[in-house]
Each structure stands twice: as structure tokens, then as C-alpha cells.
Amino acid sequence: MNWLKKTLNFGEKIKKIFKKRPSREDVENSDWTSCCKGPVLKEELEENLWVCNSCGKHHRISCTQRFDYFFGKDNYQILETPSPIEDPLDWKDTKSYKDRIKDARKKTKQNCAVMIAKGYINGLAITAGAINFNFIGGSVGAAEGEAILYGAQHAIDNKTPYIFFPCGGGQRMFESPIALANMTRTTVAINELKKNNLPYIVCFTDPTAGGITASFAMLGDVHFAEPGCMIAFAGKRVIQATVKEELSPDFQTAEFVENHGFVDKVVHRKDLKEQVGLLLSILLKKNSDINSELTNETSENIESHTKAAS
């Protein structure tokens, strides 16, 4: 019977091997990630601004990576934003909210999900903000709200445009009404920015949803979006269950939202700096070549209308 026992023991060992799966930390710390064709080296993606060469998917990136690609590496300054009480409601579920914040800070090397920076594009001073999805899903709490407000006030004080890269699932429910209040607060801040006639440009990234979409993210003077990113309020399955009909496969993608008028232009990550710079040159009348071209076009249009009227 020894052979039977050995066979059974070997079978148990095989089961244990197949049951053991890599943890989330193992996957995040590895040199590989997944995309359309399966495993892909992170190094290869990083060389291409974290965009897949095969399918064009724009992978999620951190705030500092975002600023590196937008301003140029080390061509910007991170601004220190206010730090309110970390756990106003003393929340606990499977673990305390304080522990979640500690883990998120260790993972992202950020104090909160939002970072604000200042730099230059084409010689124009700019205030920029971004959200890191890896910090508790990019959700907005008191600290994130204060950071967004700080960015808006910095733009007003220094008379700069405010560029924002939103993402995340909405307001942070660990802070309940305190988090929800930031929908109103950020909306008021953006309105103050507009009262000062300063451009506010939003560049949607994947995913932007919930209370983020329902507040400061949809208030831009101009809306850009990265290809394929999700822009939504409620989830697709929730909407399908409510309206009782099948929605199109591209529903809530950047391209779908563009076709329905909520996004002005879908722009590849590598082209975003150029597009924003061009737009700001027009809005702030800093580019004489562009202005003269626009003036000539306007004059030609006036002349043609005058001839047609006569």
C-alpha cells in the first residue's frame, strides 16, 4: 500500500501548488503587467508613456508620471497642500480607515490622492492637478478636496490657467458627508476661477466616475480625454437595469462621450502637451502667429459676408 500512499501524497502536493495564487502585491511588484496580448513588460510600456503599442490602451499612471509627461521630467514643482484631520469619523470596517491611509501612502508615496504642481508649457505658467487611482481608488475626501481648492486658489493668486487630470470612483465614503461636501466646495472653487477669467481645462483619464464626474470634472471650459477612458456617473450595469435595455459596447467610453457632446476632443497622451499648449496660446493670446492667422481668417470671413450682402 506504500505506492498508493505516495501517489495520494503527491496528488495533494500538486493541489497545493495549483491552489497557490500570486497576491496583488506580488503582481504589482513584478516586472510584468497584462494587456491585450497577455503579459507585457512594464519597462516597454514605460518607454511608450504607459500606452500599449498593440491596442493603444492608456494604462493608469501616478500623479508624478502625469506631470513628467505633461511638463517634462523635473520641469515642475510639486506644491504642498493642506492636510486636514485624517480620520474625522473614526471609521472602521475590516480594518481602520487610518490603516488604509497609511497603506495608500506607502504604496503611492503621496499624502493624499490629489497632487498639485506648477510649471510651464510654451513659456506659459500653469497650475496643474492630478489624481492617483492607486490611492484608495482615487476617491475624494477632505484632504483631496483641500488640494483641489488649493490648486484653484493658487491659479487665481498667480493668474495662471488650471489644468486638471481627474480619475477615480467618486467621493470617499469612509468620510461620508464630509467627502460629499467637497462636490459643492470644488464646484464653488472652479466658479471663482472662472469669475477671474482664467481657463480651466479638464483632461479625463481612466476611470472618471461618480461624484468626481458630477462636480469639478465636468466644469471645464474645454474637455480633453485620453482614448478609451471611462467617463461616467453611475455604472453601466446599474443604468441597464434601470432603463431595461441593452446599451452599446462603447457606452461611457471617451469616444462615446465625445460623440454626445460632453468631451471636445479625444487626445493621445503623447499629444496632450502640444494640444493644451496650442489651446492656451489662443485663449491667452500669447502666440502672435496664431493670432494673426485668426485675425486674417476673421477678416476674410467679414469680407465674404459683406460681398454676399451687397
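The values are calculated or read from the model by the stated rules, or taken from the named source; none is laboratory data. Computed from a predicted model, the values in this text were never measured in an experiment. Because the Cβ atoms are built from the backbone with ideal geometry, glycine has one as well, and the counts that use them run over all protein chains shown.
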_In segment 124-139, residue farthest from Ala181 (Cα to Cα) [restricted to those that are in a loop (DSSP other than H, G, I, E, B) and in contact with a helix residue (DSSP H, G or I) (Cβ under 9 Å, 6 or more places away or on another chain)]_ = Asn134
*Please tell me if Gly145 is in a helix (DSSP H, G or I), under 20 Å from the mean Cα position of the chain (by Cα) and crowded, with 22+ Cβ neighbours inside 10 Å.*
yes
_Options Thr242, Thr253: the member that is at pLDDT 95 or above and hydroxyl-bearing (Ser, Thr, Tyr)_ = Thr253
_Any hit, segment 179-186, residues being in contact with a Pro (Cβ under 8 Å, 6 or more places away or on another chain) and either acidic (Asp, Glu) or more than 16 Å from Leu219 (Cα to Cα) (or both)_ = no
_I want to confirm something. Restricting to segment 202-220 and keeping residues that are among the β-branched types (Val, Ile, Thr) and not in a helix (DSSP H, G or I), which single residue is surrounded by the fewest Cβ atoms within 10 Å (Cβ to Cβ)?_
Val202
_Subset of segment 45-91 that is exposed (fewer than 12 other Cβ atoms within 10 Å of the Cβ) and charged (D, E, K, R) - its residue that is farthest from Asp206 (Cα to Cα)_ = Asp90
_Quick test for you: out of Asp93, Asp68, Asp87, pick the one residue that is in the same structural domain as Lys270 (by TED's automatic domain parsing) and under 23 Å from Glu226 (Cα atoms)._
Asp68
*Pairs only if they're at least six apart or on different chains, beta carbon under 9 angstrom, first in segment 160-184 and at positive phi, second hydroxyl-bearing (Ser, Thr, Tyr) and part of a loop (DSSP other than H, G, I, E, B); list them, first residue then second.*
Gly168/Ser139; Gly170/Ser139
_Could you check segment 221-269 and list, in sequence order, the residues that are in a loop (DSSP other than H, G, I, E, B), charged (D, E, K, R) and surrounded by 12 or more Cβ atoms within 10 Å (Cβ to Cβ)?_
Asp221, Glu226, Asp250, Asp264
*asked:* Can you report the number of residues in segment 124-142 which are closer than 14 Å to Tyr76 by Cβ and surrounded by fewer than 21 Cβ atoms within 10 Å (Cβ to Cβ)?
replied: 2
*Filter segment 150-196 down to residues that are more than 22 Å from Ala117 (Cα to Cα) and aliphatic (A, V, I, L, M) and give me whichever is surrounded by the most Cβ atoms within 10 Å (Cβ to Cβ).*
Ala179
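Yes/no per residue for (1) at pLDDT below 95; (2) under 30 Å from Ile85 (Cβ atoms):
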site	(1), (2)
Phe174	yes, yes
Thr184	no, yes
Glu192	no, yes
Ala209	no, yes
Ile212	no, yes
Met218	no, yes
Asp221	no, no
Cys229	no, no
Ala232	no, no
*Name, by its number, the condition in (1) touching a residue at least 12 places away in the same chain (Cβ under 8 Å); (2) in a helix (DSSP H, G or I); (3) of a type in the set (A, V, I, L, M) that does not hold for Val188.*
(1)
*Please state which of the following conditions Lys107 fails to meet, knowing it meets all the rest: (1) part of a loop (DSSP other than H, G, I, E, B); (2) in contact with an Asp or Glu (Cβ under 9 Å, 6 or more places away or on another chain); (3) among the basic types (Lys, Arg).*
(1)
